[in-house]
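Chemist: Have a look at the structure that comes next, please.
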Amino acid sequence: MCYGTELTSSAILRWSQERRVEWHYIAPGKPMQNGFVESFNGRLRDECLNETLFTSLAHARFVLAAWRHDYNNVRPHSKLGGKTPAEIAGERVWGHAPRHVAIPSNINHEGARLYL
C-alpha cells in the first residue's frame, strides 16, 4: 500500500501517462534545473515561513495570502523589468497564437475571417 508522497507521485505519473504529458525530473543535486521555482521557494521560506510563528491553520492561510498578494501585485520583480507579475499577466502579448488563428482586436469579430 502507498501512503503520502508515494501515492501522490503515482497519481501524478498515471495522470501524465494517460494524457501523454512528458514528465521531466530534476536531477538530484541540480536545483538550478528549475531555478525559478528554487528562487521563489527560497523567498517564501526566508521572507514568510521562517519569520512567522503560525498559531492556527486560519492564521497560516491569512499570512500566506497576504504574502502572495504582496509578491504578485505590489512588489516589482527585476526579472520582469521592474513590473509585478500581475502587471505582466494583464498585458496583451501578441504572437503567441499561430498567425492563422490570431485575430487582431481592432477587427469587428462578427464579420471576421480566420486566415487558414
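The values are calculated or read from the model by the stated rules, or taken from the named source; none is laboratory data. Since the structure is predicted, the reported quantities are computational estimates derived from the model, not experimental observations. FYI the Cβ positions are ideal-geometry reconstructions off the backbone, even for glycines, and counts take in every protein chain you see. Just the protein is used for accessible areas: all its heavy atoms, side chains included, with ligands, DNA and RNA removed. Shrake-Rupley method; radii C 1.70, N 1.55, O 1.52, S 1.80 Å.
Chemist: Once phi is turned into ³J(HN,Hα) by the Karplus curve 6.51 cos²θ - 1.76 cosθ + 1.60 with θ = phi - 60°, what whole-Hz value does each residue of the range 78-89 show in order, with x for glycine and proline?
Modeler: In residue order, the calculated couplings are 4, 6, 10, x, x, 9, 8, x, 5, 5, 5, 5 Hz.
Chemist: Given a 1.4 Å probe, how much area per residue of the range 1-82 is accessible, in Å²?
Modeler: Normalised by residue count, the accessible surface of the range 1-82 is 86 Å².
Chemist: List every residue whose amide H lies under 5 Å from the amide H of K83, counting only residues 5 or more places away in sequence or on a different chain, with H placed 1.01 Å from N in the peptide plane.
Modeler: Under 5 Å from the amide H of K83: H77.
Chemist: Just read off the accessible area of V37 with the full protein assembly in place, 1.4 Å probe, to the nearest 10 Å².
Modeler: Rounded to the nearest 10, the figure is 70 Å².
Chemist: Sum up the charges of everything whose Cβ sits under 12 Å from the Cβ of E47, counting Lys and Arg as +1 and Asp and Glu as -1, but leave E47 out.
Modeler: +1
Chemist: A further question on this structure: Determine how large the accessible area of D70 is when every protein chain is in place; take a 1.4 Å probe and give Å² rounded to the nearest 10.
Modeler: That residue has around 50 Å² of solvent-accessible surface.
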